[in-house]
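Read-outs throughout are calculated quantities, based only on the coordinates presented, and are distinct from any laboratory measurement. From a predicted model like this one, the values you see are computed outputs, not experimental measurements. Ideal geometry is used to build each Cβ from the backbone, glycine not excepted, and the neighbour counts take in all protein chains shown.
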Amino acid sequence: MAEGRFKLNQETFRCCICLDLLKKPVTIPCGHSYCMNCVNTHWDGEVEKQSYSCPQCRQNFAWRPILVKNTMLAAVVEELNDSKAAADLCSAAHGDVSCDLCCEKKVKAVKSCLQCLVSYCKEHLQPHYDVAANLQENICPRHDEVMKMFCRTDQQCICYLCSVDQHKGHHTVLAVEKRNEMQGELEDSMNKVRQRIQDRQKHLDSLQKQTDEVIRSGNTQQLRSQQESEERRGSHKSSSYLLC
């Protein structure tokens, strides 16, 4: 459900140059992030100064940093854009009946109960359908009894009358026992998935660290080359002065 998801603050992911959500986000050496086009345009205006600065903290760089798209940040921004589009689509407009259970933002209702006079959006209406469907699924179609047992032989839920009728002699257990068993298996599977996600995240962090190291190494080499060039020019001027 959307209410259970971690909510991100969109302001954190806005470019301070265009004031919109980041597009092709890049992170410069000082740690601030911008749209690739925005920061390139900003630095194009600083070419004559031969010094490039961060528009936010004003930190100066003697060389123009190499820009590499921050893929992890781009994925977060894409998720924000998708959630924003979905929220705008479901929002109650002027004249629409809004959901009575939505607190933070009014969402357009799709159904209203004429007895309790409550309106529901699609998300808050779904549990009512789920309850009714689940109740019907728990009733034995043959004996019209609640299915409280599970037949391991045929791998299906049955009622008590089924256990002494067509499932007589089969390996049967209480449904709650089978449910606990399946819940344990599900938890084991979820733990394995979480572990794979953690491993994947560690791998992505390692790749990001390697990328940052390559960028820093390239910038350092570029700065060293510029310094050596300046030293050679200075040495050449000194030699020319001595000859004169």
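Listed from fewest to most Cβ neighbours within 10 Å, the set Y160, Y120, Y34 follows the order Y160, Y120, Y34. For GluC sites (Glu not before Pro), the sites in segment 11-86 that DSSP calls loop and that have at most 12 other Cβ atoms within 10 Å are E48.
Pairs K23/K209; K148/K178; K148/K168: which are spaced more than 20 Å apart, C-alpha to C-alpha? Listed pairs above 20 Å: K23/K209.
The ranking of F150, F13 by Cβ neighbour count inside 10 Å, starting from the fewest, reads F13, F150.
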